[in-house]
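*Asks:* Once you've had a glance at the structure underneath, I'll fire off some questions.
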Amino acid sequence: MKKIFFVLLLLVVCGFQSQLSAQGKAQVSANEDITRLKIGEMLPLSDVKMMNITSKEVSLDEVMEENGLLLIFSCNTCPFVIAYEDRYPEIEMWSKKANIGLALINSNEAKRNKEESMDDSFEAMQLHAKEAKYDCYYLLDKNHALADAIGAFTTPQVFLFNSRKELVYKGAIDDNWKDKSEVKQQYLVSAIESLMKGEKIELAETKGRGCSIKRLK
C-alpha cells in the first residue's frame, strides 16, 4: 500500500510529464538525430568501460554471457521504474537461467550535474541499489553515450541482444506497468524464451513506457 502511494505521489511531483512517454512519445526534444538501433543491428560501444556501483569499471563485453545480453535503461526516481522494481528480481532470475548477462543502465546525466537535483548521482545509484537489493550490474552511462548510441529514450526500456550481439527485442517489459498482477503479455519473458528455443521472436518491438531519459541540453 505504501509503495502504491509513493508511486502516485511521484507521478504528481513529476507533473505527469511521463504520460507522453506512456503513449510511446518520449519527451526528447532536439534529439531527433539520435540513432535508433533496429532489430538485427549490432550492439554499439560494447568495449567501452562504464562504472559499476561496485566502483569497478566494466564493459558490456564483460557483462555479456554465453547466450546474450539484456540491458534495462533505468534510474533511481522514475515512478515507472519504482513500479517495476518488484519485477527486477524475476528478470534477474530469467536472465541467469537463460545464461544471459544483465545490466541496468543509468543515463540520466542531467540529473547528476545539478546540486539541487542529485537523485541520479553515482552515490545515489549505490544507495538505491542497496535499498532495492539489486543483484546485477548497475552502470553509470556517462554523458548518456550508450543511450544515444542505442536510441534509448525512456526508463525502464529494455534491449535484448543474442550471442552474436544482434538486437532481437526492444521496448517494454510487459503490458502493465501499474500492476504486476494484471499483466497479460510478458513481452520480455516471451522474447527470452523464444531466443533460447532458437525461434523467431514474434513481437520483437514494443513501445517503451516510462519517464524520458534526462539528457544534457
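We did not get these values from a lab; they are worked out from the coordinates using the rules stated. Just so it is clear, the structure is predicted and the values come from calculations on it, not from any experiment. No Cβ is skipped: glycine too gets one built from the backbone with ideal geometry, and neighbour counts run over all protein chains shown.
*Asks:* Mind scanning K96/K165; K49/K142; K133/K170 and naming the pairs with a C-alpha gap bigger than 19 Å?
*Replies:* Values: K96/K165 17 Å; K49/K142 10 Å; K133/K170 25 Å.
Table pairs above 19 Å Cα-Cα are K133/K170.
*Asks:* Let me ask you something else. Please arrange L60, L37 by counting, for each residue, the other beta carbons lying within 10 Å of its beta carbon, fewest first.
*Replies:* Numbers: L60 24, L37 17.
Lowest count first: L37, L60.
*Asks:* Quick one: of the DSSP bridges fully inside the stretch 36-212, what percent are antiparallel, nearest 5?
*Replies:* On the way: 18 of 29 bridges.
Counting DSSP beta bridges with both partners in the stretch 36-212, the antiparallel share is about 60 percent.
*Asks:* Here is a further query. I need the semi-axes of the equivalent ellipsoid of the stretch 86-186: take the C-alpha gyration tensor, multiply each eigenvalue by 5, square-root it, list largest first in whole angstrom. Don't jump to the answer; show the numbers that get you there.
*Replies:* Working: eigenvalues 112, 61, 42 Å².
In descending order, the three semi-axes are 24, 17, 14 Å.
*Asks:* Let me ask you something else. For the stretch 36-212, just run the numbers: alpha carbon Rg, then divide by 2.2 N^0.38 Å, N being how many residues it has. Don't jump to the answer; show the numbers that get you there.
*Replies:* Details: Rg = 15.0 Å, N = 177, 2.2 N^0.38 = 15.7 Å.
That works out to 0.95 for the stretch 36-212.
*Asks:* Let me ask something else about it. Please compute the contact order of the stretch 36-212 in relative form: average sequence separation of alpha-carbon pairs under 8 Å and at least six residues apart, divided by the residue count, as a percent. Intermediate values should be presented prior to the final figure.
*Replies:* On the way: 356 pairs, mean separation 51.3, N = 177.
After rounding, I find 29 percent.
*Asks:* Summing +1 for each Lys or Arg and -1 for each Asp or Glu, what net charge is found among the other residues whose Cβ lies under 14 Å from the Cβ of S95?
*Replies:* Working: positive: R87, K96, K97; negative: E65, E66, E90, E92, D135, E193.
Residues close to S95 contribute a combined charge of -3.
*Asks:* Please report, in Å, the Rg and the Dmax of the stretch 75-128, where both are computed over Cα atoms only.
*Replies:* Expressed in Å, the Cα Rg and Dmax of the stretch 75-128 come to 13.2, 41.
*Asks:* Are there any GluC sites (Glu not before Pro) in the stretch 133-217 that are in a DSSP loop and have at most 13 other Cβ atoms within 10 Å? List them by number.
*Replies:* E199, E202
*Asks:* Sticking with this one: Using the number of other C-beta atoms within 10 angstrom as an exposure proxy, rank E85, E57 with the fewest first.
*Replies:* On the way: E85 17, E57 13.
Least to most surrounded, the residues fall as E57, E85.
*Asks:* Sorting I201, I100 on the 10 Å Cβ count, fewest up front, what's the list?
*Replies:* In order of increasing Cβ crowding within 10 Å: I201, I100.
*Asks:* If r is the Cβ-Cβ distance from E66 to E193 and R0 is 25 Å, what FRET efficiency results, to the nearest 0.05? Don't skip to the answer; put the middle values down first.
*Replies:* Values: r = 17 Å, r/R0 = 0.66.
Between E66 and E193 the formula returns 0.90.
*Asks:* Further question: For the stretch 95-110, just list the computed ³J(HN,Hα) in residue order, Karplus coefficients 6.51, -1.76 and 1.60, θ = phi - 60°, integers in Hz, with x standing in for Gly and Pro.
*Replies:* 5, 5, 4, 8, 6, 10, x, 10, 9, 8, 10, 9, 10, 6, 4, 5
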